[in-house]
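Trainee: So that we are looking at the same thing, I have put the structure below in C-alpha cells.
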Amino acid sequence: MRLLGACFLLLCLCACKESETTFQETQNQQSLRQLLELPDHFPLPAVPEFNPITQEKITLGRHLFYDKRLSANQTQSCESCHLQHLAFSDGEYTPIGSTGDVLSRNSQSLSNAVYHSTLTWANNSFFELEDQLEVPIRSDNPVELGVSDAQVDTVLARFDSDPKYVEMFNQAFPNSASGATINKIIFALASFCRSLISAGSDYDRFIAGDDSALNEQQKLGFSLFNGEKFECFHCHSGINFSVSYRDSNSNSGSLQFPFFNNGLYNIGGDGSYPVQDQGLFDLTSNPSHKGLFRPQGLRNIALTAPYMHDGSIETLREVILHYAGGGRVIEEGVNAGDGRFNPNKSGLIIGFDPTEEEIDAVIAFLESLTDYDFISNPKFSDPFNEQ
Ligand code: HEC
Ligand code: HEC
C-alpha cells in the first residue's frame, strides 16, 4: 500500500540521499559501516541528515536506554520492555507502563529496527526513530515513561546534576549549549537504536558464503519460506525479512510503506479487530484499514514470543498453523469470528496444507535467524552493570 502524504514527507526527508545504482561507498559511509560493524552483505542503514550517528551519541543513548531516571517516577527504563537477552523484546503479551497502564501492543524486538520503512506495528507517519521515540518518553495515554510537560524539568535536572551525564551530553552534542534537553535525549536514543544491528546469525554466515552454516533441514525450511506454497517471502523478504524496508541506498520515489491484514480476527464479520487496537484504521478511520499491520522483520524471531501485534500467538509452530489455515477462527467470546473471511485479509494469505516435516523445517530455518552475539554483545548491554 502506498500513502501519498507519506511519500511527500519522505521526499523531503530523503531528498539528499544517494540514489545512484552503481554505488561506491564514500569515506563517510565507510566510517559508518565501521562504526556499526556492518558485514559486507549488509547495506548501510538510512540515517537522517539532521542526526548523524557518532560513537558519542550511541554511548549517551545506551546509558539513557538503561536508566530509570528517564521515567518520571524512576521505576522504568526503555529496557523494562526491551531486554537484550530477548533481542530487545520482553516476553509479555502486552507490557505495563511505569504508572500501571496496560499497553495494547506487544513490545517489539529492536533488532535492525533502522531498516523498517515505518516504525511501530501500524503507523504510516513514523518514518524516523526521532518521530517515534516521543511516544515511549512523552505519551500520557497510555503512560510509558510518563515524562509529561509537568515532569520534563524534573527529569532533565536529574541528568544535569550528574557530572558523568553532563560530560556525555557535551561530548555527544559539542556544538549545542550545555545541558540535557528532550531533543538531545531523543537524538541519542535514536542513534543507539540505529546501532542495534543483528547481522551475525547462522543464516548470515550462510549467505556470506559458508554453506555448512545451515543444516539440510534449515535449507529446506529456507526454500519453503521462499516458495509459492508457504508464500512467506512476499511480505517477509530481504535482509531484514520485511517488505517494510529501506536503507541508505533506497530511492525515495520507490519506497514502500506496506501494511497487511493477516486474518487474526473478524469480529462481527465486518473485518473488525478488538476495539483497543484495529491497526492502521485507528489512524485513518478507513474501514478497509481494519486489522492492517506492518509485516514484522523476523530477525531473532525464535527469541521474541509471544507473536503478533497483541502477542496472541504463543509459538512459531502456531504462527505457521495460523498461516496454513489461511486465518484464525475464534469460536467464542468477545473476539469470536472467522479471520479466514476477514474482508481486508491479504490475498496472499490463502492457506496451504503443510506436512509435519515442512513445518519443522520452516521453524528450524527461523531459528537460524537467532544471533547469539547480538544478545550478549557488551556494546548493547547495561552500562551500569559493567565491571
Ligand atoms: C512500557 C513498555 C515500553 C517502554 C518503557 C518502551 N517501549 Fe519501545 N515499544 C513498546 C511497544 C509496546 C512497542 C510497539 C508500539 C506500537 O506499535 O505502537 C514499542 C516500539 C518501539 C520501537 C519501534 C520498533 C520498530 O521496529 O518499529 C522502538 C525503536 C522502541 N520501542 C524503542 C524504545 C525506547 C528507546 C524506549 C525508551 C525511551 C522504549 N522503547 C520504551 C514498549 C515499550
Ligand atoms: C500478506 C503478508 C504476509 C505473509 C504472506 C506472511 N506474513 Fe507474517 N506477518 C505479516 C504481518 C502484517 C504481520 C503482523 C500482523 C499482526 O501483528 O497483526 C506478520 C507477523 C508475523 C510473525 C510474528 C512477528 C512478531 O514479531 O510477532 C511471524 C513469526 C510471521 N509473520 C511469520 C510468517 C511466516 C512463517 C509466513 C509464511 C508462512 C508469513 N509470516 C507470511 C504479513 C505476512
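Trainee: Run the numbers for Glu386 and Ala150: contour at 0.36 nm per residue of separation, minus the present Cα-Cα distance, in nm.
Mentor: Working it through step by step, the gained length comes to 81.6 nm.
Trainee: Pairs of alpha-carbon atoms within less than 8 angstrom and 6+ residues apart define the contacts here; what relative contact order does the chain have, in percent?
Mentor: 22
Trainee: Dividing the Cα radius of gyration by the Kirkwood radius, what Rg/Rh value follows for region 202-367?
Mentor: 0.99
Trainee: Mean-square fluctuation check for the chain, GNM, Cα pairs under 10 Å: which of His41, His322, His236 is largest?
Mentor: His41
Trainee: With a/c under 1.5 counting as rounded, go ahead and sort region 77-186 into rounded, prolate or oblate using the C-alpha gyration tensor (a ≥ b ≥ c being the square roots of the eigenvalues; past the cut-off, prolate if a/b is larger than b/c, else oblate).
Mentor: Here region 77-186 falls in the prolate category.
Trainee: With contacts defined as alpha carbon pairs under 8 Å and 6 or more residues apart, what's the relative contact order of region 116-256 in percent?
Mentor: This gives 18 percent for region 116-256.
Trainee: What is the distance in Å between the Cα centroid of region 364-387 and that of region 200-217?
Mentor: What the calculation gives is 18 Å, centre to centre.
Trainee: Further question on the same structure: Tell me the relative contact order for region 59-178 as a rounded percent, counting alpha carbon contacts under 8 Å between residues six or more apart.
Mentor: 23
Trainee: Hey, another quick one. For a test of understanding, tell me how many lysine pairs in the chain have Cα atoms under 25 Å apart, given they are 8 or more places apart or on different chains.
Mentor: 15
Trainee: State the extension gain, in nm to one decimal, for the chain segment bounded by Ile96 and Asp282, taking 0.36 nm per residue of separation less the distance between their alpha-carbons.
Mentor: 64.9 nm
Trainee: Quick one: Cα centre-to-centre distance for region 118-137 and region 81-115, in angstrom?
Mentor: So the separation of the two Cα centres works out to 14 Å.
Trainee: In deg cm²/dmol and to the nearest 500, what is the mean residue ellipticity at 222 nm of the chain if only DSSP H runs of at least 4 residues count, each as -39500 (n - 2.57), divided by the residue total?
Mentor: For the chain, the value works out to -8500 deg cm²/dmol.
Trainee: In nm, give the distance between the simple-model label positions of Asp338 and Asn170, each being 7 Å from the Cα along the Cα-to-Cβ direction.
Mentor: 6.9
Trainee: What FRET efficiency comes out for Gln256 versus Asp140 if R0 is 35 angstrom and r is the Cβ-Cβ distance? Round to the nearest 0.05.
Mentor: 0.60
Trainee: Okay, moving on. How far, in degrees from 0 to 90, does helix 182-194 lean away from the longest principal axis of the Cα atoms of the chain, to the nearest 10?
Mentor: 50
Read-outs throughout are calculated quantities, based only on the coordinates presented, and are distinct from any laboratory measurement. Treat the numbers as computed from the prediction; the structure is a model and nothing was measured. Every residue, glycine among them, receives a Cβ derived from its backbone with ideal geometry; neighbour counts consider all protein chains shown.
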